[in-house]
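Okay, so here's the structure we're looking at.
The values are calculated or read from the model by the stated rules, or taken from the named source; none is laboratory data. In this text the structure is predicted, and so the values were computed from the model without any measurement. For neighbour counting, all protein chains shown are included, and Cβ atoms are generated from backbone atoms with ideal geometry for every residue, glycine included. Heavy atoms of the whole protein, side chains included, go into the accessibility calculation; ligands, DNA and RNA do not. Shrake-Rupley method; radii C 1.70, N 1.55, O 1.52, S 1.80 Å.
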Amino acid sequence: MVRFLKKVAITGSLGSGKSTLCDILQELGAYVMNADQIVHQLLSLPLTTAYIQQIVKLLGNEVIVNDTIDRKKIAEIVFQSPVLLKKLEELLHPLVGDEIRKAYEKVKGEKKYTLFVCEIPLLFEVCDKDKNFELSWYDATICVLCDENQAKQRFMDKNRGTEADYIQRHNMQMNVREKAKRADFTIINNGTKEDLKNSAEALYQRLTAIPAT
């Protein structure tokens, strides 16, 4: 019997509860990363960093507030321009992919986690155009789905956004049915957190099953 650290990518519709699922898996023993948090960390580095200078050149000095990159300013600009969003992604996605791989090698060596889980909201959108997000690198992909009205409300509550904000970002993502079709597993999150926990625990047992050698 050989135990190896499986790599799991979690994606899903906007406001579906991806982060809540990750929290539950973390409680069960998984190591969890979040692609959006990696981006936040990358954007927090000094303005002298090479790729930060590229971002300023791309989006303009207005993204600098108090000598740091303002993520809200970036969002305001790129979510109004698919062209600029694509160019920003081309700068950041390879860096995010590198960080995920480096973390995996470190965590694998520690031999204390049951799964390596990474929440990547735009997993399928990115993997189609960026070699740093090859689906074959992951042992399993999970898509979290929920009723659109629930998703919209969760998004607005979490981000203090408007319905227009939700619609704008929702329309820039892959159709959720296509995401579900491409994922290895789907979890429906229309009920309570306890319902989601039960679904997560069942899937966790399947993902952590030790293969015989």
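Annotations
- Matching entry among Leu28, Leu84, Leu58, Leu21 (being closer than 30 Å to Thr192 by Cα and more than 19 Å from the chain's Cα centre (by Cα)): Leu28
- Residue match in region 52-65 (condition: farther than 21 Å from Asn171 by Cβ, surrounded by fewer than 16 Cβ atoms within 10 Å (Cβ to Cβ) and basic (Lys, Arg)): yes
- Counting only helices (runs of 4 or more DSSP H) wholly contained in region 133-213, the ones carrying 3 or more residues that are more than 25 Å from Gly29 (Cβ to Cβ) and touching a residue at least 12 places away in the same chain (Cβ under 8 Å) occupy 148-159, 163-170, 176-182.
- Restricting region 141-180 to residues that are of a type in the set (Ser, Thr, Tyr) and more than 14 Å from Phe124 (Cα to Cα), the residue that is surrounded by the most Cβ atoms within 10 Å (Cβ to Cβ): Tyr166
- Test for Lys112: is it of a type in the set (D, E, K, R), part of a helix (DSSP H, G or I) and closer than 27 Å to Arg206 by Cβ: no
- Among (1) assigned to a helix (DSSP H, G or I); (2) farther than 27 Å from Thr186 by Cβ - the single one Gln80 does not satisfy: (1)
- Of all residues in region 66-79, those satisfying the criterion of being on the phi < 0 side of the Ramachandran plot and open to solvent by 70 Å² or more (accessible area, probe 1.4 Å) are Thr68, Arg71, Lys72, Lys73, Glu76.
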